[in-house]
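Below you'll find the structure, written out as structure tokens, and then a few comments.
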Amino acid sequence: MKPVRVALFAPGINSKVMSKALAASVDAVILDLEDSVPIASKAEARKLVAGAIDGSLANPGPMNWVRVNGATTGTLADDLAAVVRPGLTAVMLPKAESVEDVQQTATLIERHEKAHGMHTGTVEIILQIESALGIYRAFDLIKASPRVAATCLGGARDGDLQTDLGCSWSIEGTELMYARSKLLLDTRAAGSHVLPLDGVFSDLNDEAGLIADTRLSARLGYVGRTTIHPKQTAPVRQAYAVPEAEAAYYRKVVSEFEAKEKQGVAAITVDGKLVDYAMFQRAKRVLALANLDQR
């Protein structure tokens with residue numbers, strides 16, 4: 001999956017909002033069939049989301065993701081039949097808790113890819129982890145299918161994970177720190193190809209809080225997050241961006257290390273700090289993120 005800083009949710013029952021989202025300066029749009037769609041409107045939303053995906057083929061923009069309904073709802077198969085089609089990049093599976101559910105989702109996606117003449121593996125899976133059991137099983141869930149390309153923490157205030165844990169919520173993030181850190185750890189342990197994405201910050205009127213929470217997210221190792229309004233895009237990008245002073249230092253690390261390596265040296269100091277192959281690899285990883293911010 002391509003790198004992601006901002007993935008914007010759009011309710012699948014609202015064509016106007018979906019169109020605006022697909023024209024926004026974000027990396028991905030999550031066309032939602034789950035929590036933002038009334039139960040009685042699910043069938044209509046499937047048609048609208050399918051139409052939005054079809055329409056995006058003529059005007060490529062952000063990646064198209066669809067959040068389907070969870071495996072236990074009884075509507076997952078109908079969702080996938082409607083939305084797995086050319087133009088879809090990924091399916092977000094909410095409330096992921098079961099290896100079997102991830103594998104079933106992957107099997108159904110493959111069936112619909114073949115029906116539409118798509119290459120097998122075109123549509124990836126993003127696991128939305130929103131429960132204590134999901135956090136506990138995260139590594140196994142990620143490894144359940146090679147289609148899993150990202151995880152997303154359901155850590156919104158008053159959301160499913162907080163409810164399941166029975167904990168409080170604060171801007172300092174103390175209460176959800178273990179869950180947030182464990183999902184990051186399991187995602188990284190599963191392979192460098194899997195993106196760790198943080199979840200939404202639900203208070204649209206608290207930009208300072210959004211920035212503080214996103215900076216904490218970045219310090220932990222998350223590379224991007226989901227959002228619920230276009231006005232959150234710029235603050236999120238700002239908070240995840242690699243500071244120029246940091247990028248300049250790591251450019252210096254790469255330059256000086258590569259020069260010394262050609263001379264047969266693999267341990268140097270840069271600005272008084274030890275640099276060996278471990279620090280060199282870290283420098284390259286940070287610079288890759290800095291390049292993302294310059295797109």
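Solvent-accessible surface (1.4 Å probe) assigned to THR120 amounts to roughly 90 Å². Charge tally for TYR222 (other residues, Cβ to Cβ under 11 Å; Lys, Arg +1; Asp, Glu -1): +4.
Note that the chain presents 47 Å² accessible area per residue, ligands and nucleic acids not counted, probe 1.4 Å. Pairs LYS143/LYS182; LYS20/LYS114; LYS47/LYS143; LYS42/LYS95; LYS2/LYS143; LYS95/LYS284: which are spaced more than 25 Å apart, C-alpha to C-alpha? Pairs exceeding 25 Å: LYS20/LYS114; LYS47/LYS143; LYS95/LYS284.
When the solvent-accessible area of the stretch 74-161 is split by element, carbon and sulfur atoms take up 49 percent of it, the probe being 1.4 Å. In terms of its alpha-carbon gyration tensor, the stretch 138-189 comes out prolate; a/c meets the 1.5 threshold, and the first ratio a/b outweighs b/c. Charged neighbours of ARG147, selected by a Cβ distance under 12 Å, balance to -2 (K, R count +1; D, E count -1). Per residue, the average separation of C-alpha pairs within less than 8 Å and at least 6 apart gives the stretch 82-241 a relative contact order of 18 percent. When the surface is traced with a 1.4 Å probe over the full set of protein chains, LEU133 keeps roughly 70 Å² accessible.
Backbone geometry of the stretch 145-161 corresponds, through the Karplus equation with coefficients 6.51, -1.76 and 1.60 at θ = phi - 60°, to 3J(HN,Hα) couplings of 8, x, 6, 5, 10, 6, 10, 9, 6, x, x, 5, 4, 6, x, 4, 5 Hz, x marking Gly and Pro.
Put TRP169, TRP65 in order of accessible area, highest first, and with a 1.4 Å probe you get TRP169, TRP65. Across the stretch 9-110, Cα pairs under 8 Å and at least six residues apart give a relative contact order of 26 percent. Estimated from helices alone, the mean residue ellipticity of the chain at 222 nm is -14000 deg cm²/dmol (sum of -39500 (n - 2.57) over DSSP H runs with n ≥ 4, per residue). Residues ILE228, ILE109, sorted by accessible area with the largest first, give ILE228, ILE109 [1.4 Å probe; ligands and nucleic acids excluded]. With contacts taken as Cα pairs under 8 Å and at least 6 residues apart, the chain reaches a relative contact order of 15 percent. With a cut-off of 12 Å between beta carbons, the residues surrounding PRO86 carry a summed charge of -1, where Lys and Arg count +1 and Asp and Glu -1. Spatial offset of the stretch 51-126 relative to the stretch 180-212 amounts to 22 Å, using the alpha carbon center of each. ARG137 sits with roughly 100 Å² accessible to a 1.4 Å probe, with DNA, RNA and ligands left out of the calculation. Most simply put, the chain has about 10% antiparallel DSSP beta bridges, counting only bridges with both residues inside it. These residues, ASP78, ASP158, ASP276, go from largest to smallest accessible area, 1.4 Å probe, as ASP158, ASP78, ASP276. Multiplying each eigenvalue of the alpha-carbon gyration tensor of the stretch 40-100 by 5 and taking the square root yields semi-axes of 22, 14, 8 Å, largest first, rounded to whole angstroms. Starting from the Cα gyration tensor of the stretch 1-156, take the square roots of the eigenvalues, sort them a ≥ b ≥ c, and report rounded, prolate or oblate (rounded when a/c is under 1.5, otherwise prolate if a/b is larger than b/c, else oblate). The shape class here is rounded.
The values are calculated or read from the model by the stated rules, or taken from the named source; none is laboratory data. Not measured: the values here are computed from a predicted model. Glycine gets a Cβ as well: all are built from the backbone with ideal geometry, and neighbour counts include every protein chain shown. Just the protein is used for accessible areas: all its heavy atoms, side chains included, with ligands, DNA and RNA removed. Shrake-Rupley method; radii C 1.70, N 1.55, O 1.52, S 1.80 Å.
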